[in-house]
Structures are given as structure tokens and as C-alpha cells.
Amino acid sequence: MAGSFVEFNPAEFLGILPEILLLLWSMVVLALDLVSGRSLKRRTLGVTAAIGMIVILVVAIVSRPAEPQTILGGMIRNDLYTFVFRIIFIAAGALTCLVSIDFRSMRIGSEYYAIIIFTTIAMSLMAGANDLIMLFLATESSSLSLYLLAGFYRGNKLSAEAGMKYFVFGAVTSAVMLFGLSLFYGLSDGNTSYQAIARALLDPELRVPVSFAALLVLVGFAFKTSAFPFHFWAPDVYQGAPTPISGYISTASKAAGFAILMRFLFYTLPPGTSEASLTWAALMQPLAILTMVVGGLLALVQKNVKRMLAYSSVAQAGYILVGVTALAANQFNRADALAAVIFYIATYMLTNICAFAVVGLVSERVGGDDIEHFNGLGRRAPYLALGMTAALVSLLGAPPLVGFVAKLLVFAPAVGINLIALVVIAIIMVLVSVVYYLNVVRAMYVERTERDAQPFYVPAPTGVVVLLTAVAIVLLTVVSPPFWNLAVEAAQSFFPG
């Protein structure tokens, strides 16, 4: 049973120590800018923010929870599932800060980095949310911060449009989700704890209203993960937002959406425990199919790399939903299915951050992010093109890169429970993705341009990000067992007993 704030123990703050440190660091970054004034270079702000997040990442790893526990009056569940997603969010935030340092076309101040840090806090709380109130507060805090970041490109019409569209669509889906959450609250006799709600909703007479409430909440989660049919914001927002933020939204925000989706649905309506739980579980397969197909087919016709990666992100959400479908349908081996989803999300974060880092640099140096702007990159900046190739081939899921391992792991549980048609469709869409991913590779290595002889300056921060993520994409195939074991442990802590 969830605790209460009467039973609150100050030692529980250790369970959210990384979040507390992140909050303090965001204040340090803001104060540093205020105290130093214009004398402080913005590069120093970015480096300060990134180094602080890296140090806090180490603290988060060291403070790995030994046993699952509910803290802050039952509002947050601190387990290995929360721990792994916390690591993903902090790593994505730190990499985004580094990539942003040399994004010279955008005037960046301390507030930019502070918002990234604050968003990271909100996403971490989303993964650990064990209560309706914490779910909504964390989700909205994350969303509002991302709306600001999407429109941060001052004086750029596309960025302003991206921020506005993101806000309007997000506000509508948040309202729908809030209505669904209010129904859960009412139907469970005023409970906000996930466990209390799960017990209250076992009544078979509540099947219809509970199914309706779950559908409304799914709308909000589908928006966060850019799943069909709530994906329509993604291409405009990814194209218009500052490129480092596009990468952050496509990775950290999507990961947070899936983290909270699985926690909420599996804790409040565990599949097989009630008739209402079967309703949302049955929705996962068609949702996965439509998301994969729509995202993949629309990516085929894109000439802009950021829009292509946006639709690719939609398709990738569909592949993750294949794992969620297997997770919902499998009554006996859920830990492996959930571990596969977690592993896929972690590797996807690395690949997409790498891809968007290269796209951002090309956009800055060449003046655009259409496919044609990548012509000859393999000759002008060989290692940068190699990093982009590694990211795209990993997104494709081709061996020997880690994307192949991730897809194999996420499809295997579906095959194991005879969801053959779902996996066949997924494989077909993977084959379709060869076209739009390799279009960029062809442009980098085959197409020639008058810029081929011109030098291509790669700033150190972005170069480090591309190097680290590209090396990880390659090496994780070989050294994946320890990370897979961690994902399995996280899944086991998610399903106690």
C-alpha cells in the first residue's frame, strides 16, 4: 500500500538525489550567467551545464537502488526501471548541451541550458511516477519545457511555428488525457495511487467506463511517443525546432512517453486481471502496425533530412510498440519483453542523438538540412560522414551495429507468442527504410558538389558527441550482454514477484 506524507522519512530524498542535484545545477547555471553578465562566453555556459550533468550522471549510477521502494508518500517508485530511464534522460540531456554549444545561428543563454536540465528532471519523475498527481505534474512540466525549447530559435519563423504547433497539439492531448485521469480517479473511489486504482477497477461492471478512460489516457501517451494517429506534429516540430532540440525531443521525450505508458497501464490495468485491461492490450497491435506503416511510407517521400528523421522516429515508435504488444499479450515471460523495449529505447537514444548532431552541424556549415546539402560530406568530413552512416545503418537495423541487436531482441518476444503477422509487417517496413536511410548515405559518398574541396570545420563538442555515440553504436554489439542484463534486472524490478 502506498504511504502517506505523515509517514514521510527525510532519508527518502536519497531516492531522488539526482533530480535534486539537477535542480540545484540548473540554478547554478542561471546564477553564473547573472553574476558574470556578458563577460561570460556562452560556450562556457554550455560546457558548465554539460559537465554538471555528466557528474550528476555518475552520481545517479553510483546511487543505484538496491531494492524497489515507494517514496514521497507513494508518489514515486524508485526501482531499477526508474534508474535505467533516469540514466537515459541525463545522458541525452548532457549530449544535447554539448551539441548546442556551437549552434551559432541560435542565440543561446543560460535559460536554454536550465530548461534542458529542468526537462530532464521532469522526465525522470515521469518514469518513476506511481500516482496520478505525479504523472500529470511530471508530464506537463516536461511538455511545457519542450514547447519553449522547440520555439527557442528566435527570429526564425519555422521555429516559432514549431513551438506553436507543438503547444497547441500538446495542450489538446493533455486535456484529453487529464479527462481520462479524472475518470480513473472517480471510478476508483477517489484513489490516486496506481496500486489502489488497480484494486478498485477489478469490478467487471466497470469495463466500459474504464476502457473509455484508458483510451483517453492513451491519447496523451500516443502524442508523447509520436504514435499514429497523433504523430502529425512531429515533422513540422522536428524541422522547425533547433536541431539539437529535435534530437532531444526524438529521444528523451519519446523514451519518457514509453516509460510512463508502460508504468501506468501495467500498474493500473495489468493485462489479464480484468476485462477492461484486455481492451487496451488489444489496441497495441493495430497501433503498432499503423505507426510503423504510416511513419515508414511517409519517410520515403521526404527531401529534408530532419523531416525524414521525424517520420523515421514515428516508424521507430511502431517497432517499440511491437515489443509493448508482446509485453501486453505475454502472461509468462514479460521480463524479457520489457527488457527488450528498454534496451531498444537506450540504443535508439544513442543513434538519433548522433544523427541529429551531424544534421545540425551540416545545417550550420552548409546552410540547410535537405538531402542535397549532404552531398560530398564523405570527402569533406570523412569521420563525420562515417558517424552519420553508423547512425543511419543502426536505425535501419542492419548488422553488425547495435540497432540490429535491438530489433532482434524486440521482435523475438512477439515471435515467441506467435504474433507472426505483426513481425512480418515490421520486417517489411524495415526493408522499406533501406531506401530513405541509404538516400542520405548515397548523397554523402556518391554525389559530388562544388563544395567538395572546401574545408569543413568540426567543433570539438559536437565532434566528441558524434565520436562517442558512433563508437557506442559499434561496440555495444560486442559488449551488449552487461547492458542487456541490466535491462533484464530493470524489468524484473518492474514486475515484483
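Here are a few things to note about the model shown:
- Amide H contacts under 5 Å for ILE76, placed H, 5+ residues apart: ILE71, ASN130
- Separation of alpha-carbon centers, the stretch 38-109 and the stretch 186-262, rounded to whole Å: 23 Å
- Distance in nm between pseudo-label sites at PHE495 and VAL208 (7 Å out along the Cβ direction from Cα): 3.3 nm
- Between LEU34 and ASN485, the contour length at 0.36 nm per residue exceeds the Cα-Cα span by 157.9 nm.
- Dipole size of the stretch 123-250 about its Cα centre, with +1 on Lys/Arg Cβ and -1 on Asp/Glu Cβ: approximately 360 debye, rounded to the nearest 20.
- Amide H contacts for PHE228 (H built 1.01 Å from N in the peptide plane; partners 5 or more residues away or on another chain; cut-off under 5 Å): THR291.
- Ordering 194-207, 244-257 by mean Cβ neighbour count within 10 Å, with the highest value first, yields 244-257, 194-207.
- Calculated FRET value between ALA66 and ARG107, using beta carbons and R₀ = 56 Å, to 0.05: 0.80
- Mean Cβ count within 10 Å, highest first, over the residues of peptides 89-100, 288-299, 156-167, 338-349: 89-100, 338-349, 288-299, 156-167
- Rounded to the nearest 20, the Cβ-based charge dipole of the chain about its Cα centre (Lys and Arg +1, Asp and Glu -1) stands at 1320 debye.
- Rounded to the nearest whole Hz, the Karplus-based 3J(HN,Hα) values (6.51 cos²θ - 1.76 cosθ + 1.60, θ = phi - 60°) of the stretch 315-323 follow the sequence 4, 5, 4, x, 5, 5, 5, 4, x, with x at glycine and proline.
- Spin-label model, ALA460/ILE417: points 7 Å from Cα along the beta carbon direction are separated by 5.0 nm.
- Shown here are the Rg and Dmax of the Cα trace of the chain, at 21.7, 72 Å.
- FRET efficiency, 1/(1 + (r/R0)^6) with R0 22 Å, evaluated for ARG154 and ARG43 via beta carbons: 0.75
- Shape call, the stretch 373-497: gyration tensor on alpha carbons, a/c limit 1.5: oblate
- The charge dipole of the stretch 206-319, taken about its Cα centre with unit charges on the Cβ of Lys, Arg, Asp and Glu (plus for the first two, minus for the last two), comes to roughly 220 debye.
- Dipole-positive endmost among PHE167, THR139, ILE289 within the chain (Cβ charges, Cα centre): PHE167
- Contact order normalised by residue count of the chain, Cα under 8 Å, 6+ apart, percent: 15 percent
- Each peptide in 482-493, 424-435 gets a packing score, the mean of other Cβ atoms within 10 Å over its residues, and the list from highest to lowest is 482-493, 424-435.
- Residue-by-residue Karplus 3J(HN,Hα) for the stretch 106-123, coefficients 6.51, -1.76, 1.60, Hz, glycine and proline x: 10, 7, 10, x, 4, 5, 4, 5, 5, 5, 4, 5, 5, 4, 4, 4, 4, 5
- For the pair VAL435 and PHE232, label points projected 7 Å from Cα toward Cβ lie 2.4 nm apart.
- Near ASP370, the amide H atoms lying under 5 Å from its own belong to VAL305; only residues 5 or more places off or on other chains count, and H is placed 1.01 Å from N.
- Distance from the stretch 304-324 to the stretch 438-497 (C-alpha centre basis), Å: 16 Å
- Charge dipole of the stretch 313-472 about the Cα centre (unit charges at C-beta), most positive-ward option of LEU419, ASN439, GLY378: LEU419
- Legend: distances between Cα atoms for LYS224/LYS306; LYS224/LYS303; LYS165/LYS254; LYS303/LYS407; pairs beyond 21 Å are LYS224/LYS303; LYS303/LYS407.
- Cα gyration tensor category, rounded, prolate or oblate, for the stretch 47-111 with a/c compared to 1.5: prolate
- Considering only ALA406, ALA391, PRO481, the residue lying farthest towards the positive end of the dipole of the chain is ALA391, judged by Cα position with unit charges set on Cβ.
A short reminder: the numbers here are calculations on the coordinates, not readings from a lab. Bear in mind that the values here come from a model prediction, so they are computed numbers and not experimental data. Don't worry about glycine lacking a Cβ; one is built from the backbone with ideal geometry, like all the others, and counts go over all protein chains shown.
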